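The values are calculated or read from the model by the stated rules, or taken from the named source; none is laboratory data. Please read all numbers here as calculations on a predicted model, not as lab measurements. Please note: Cβ atoms are built from the backbone with ideal geometry, for glycine as well, and neighbour counts cover all protein chains shown.
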Amino acid sequence: MENKCCCGGENKEKAKIDEILVKYEGTKGFLIPVLQEVQHLYNYLPKEALEYVAQETKTPISAVYGVVTFYSQFHLNPRGRNIIRVCQGTACHVRGGKLILEEVEKELGVKAGHTTEDLRFTVETVACIGACGLAPVMQINEDTHGRLTPEKISLILAKYN
Ligand code: FES
């Protein structure tokens, strides 16, 4: 997925946002679905795209940012192609979840909450992903990896590009 912003003559990108805006024109509560689709285009919400949405929908930019910052599903910074969620819930914590997180951070050279420079991975923590029986657990995109040990991490990460 390209991470180009919609400004600077990127008319193709603007056209894509226009298509989204047309789809929701006149719909009550359009802002959230519009922002979800724009985020899907870029994998995050570039500042220029938000300004364009605000301008085209005659919505104050402060209101757009209000929505974006209220909902955790929206991201203002580029995200990795693969999202890693390392569980730090109680069951995982007592079975070494912290060591798993440390190993992921060490392998990728980024701390939780950050994205690798090549945009390959974003590392996050979660409180529980509902797979406590497999603790310690991490999720990469839709895949759940359980009964982890620090030794398994590098092999698992190698499967994702
Ligand atoms: S505490 Fe980790 S899956 Fe529930």
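Details
- Any hit, segment 23-31, residues being closer than 29 Å to VAL123 by Cα, modelled with pLDDT of 90 or more and over 13 Å from the mean Cα position of the chain (by Cα): yes
- Members of segment 58-75 found to be farther than 19 Å from ASN141 by Cα and not in a helix (DSSP H, G or I), listed by number: LYS58, THR59, PRO60, TYR71
- Scanning segment 22-47 for residues that are in a helix (DSSP H, G or I), surrounded by fewer than 18 Cβ atoms within 10 Å (Cβ to Cβ) and out of contact with any Leu (no Cβ under 9 Å at 6 or more places or on another chain) yields a total of 7.
- Where SER154 falls short, out of the listed (1) assigned to a loop (DSSP other than H, G, I, E, B); (2) surrounded by fewer than 16 Cβ atoms within 10 Å (Cβ to Cβ); (3) at pLDDT 95 or above; (4) not charged (D, E, K, R): (1)
- Residue match in segment 69-92 (condition: outside the structural domain of GLN39 (by TED's automatic domain parsing), over 21 Å from the mean Cα position of the chain (by Cα), touching a residue at least 40 places away in the same chain (Cβ under 8 Å) and surrounded by fewer than 13 Cβ atoms within 10 Å (Cβ to Cβ)): no
- Filtering ARG85, ARG81 for residues that are among the basic types (Lys, Arg) and within 16 Å of the ligand (Cβ to nearest atom) leaves a single hit, ARG85.
- Of the listed requirements (1) touching a Phe, Trp or Tyr at 6+ places or on another chain (Cβ under 8 Å); (2) assigned to a helix (DSSP H, G or I); (3) within 16 Å of the ligand (Cβ to nearest atom), ALA91 misses just one: (1).
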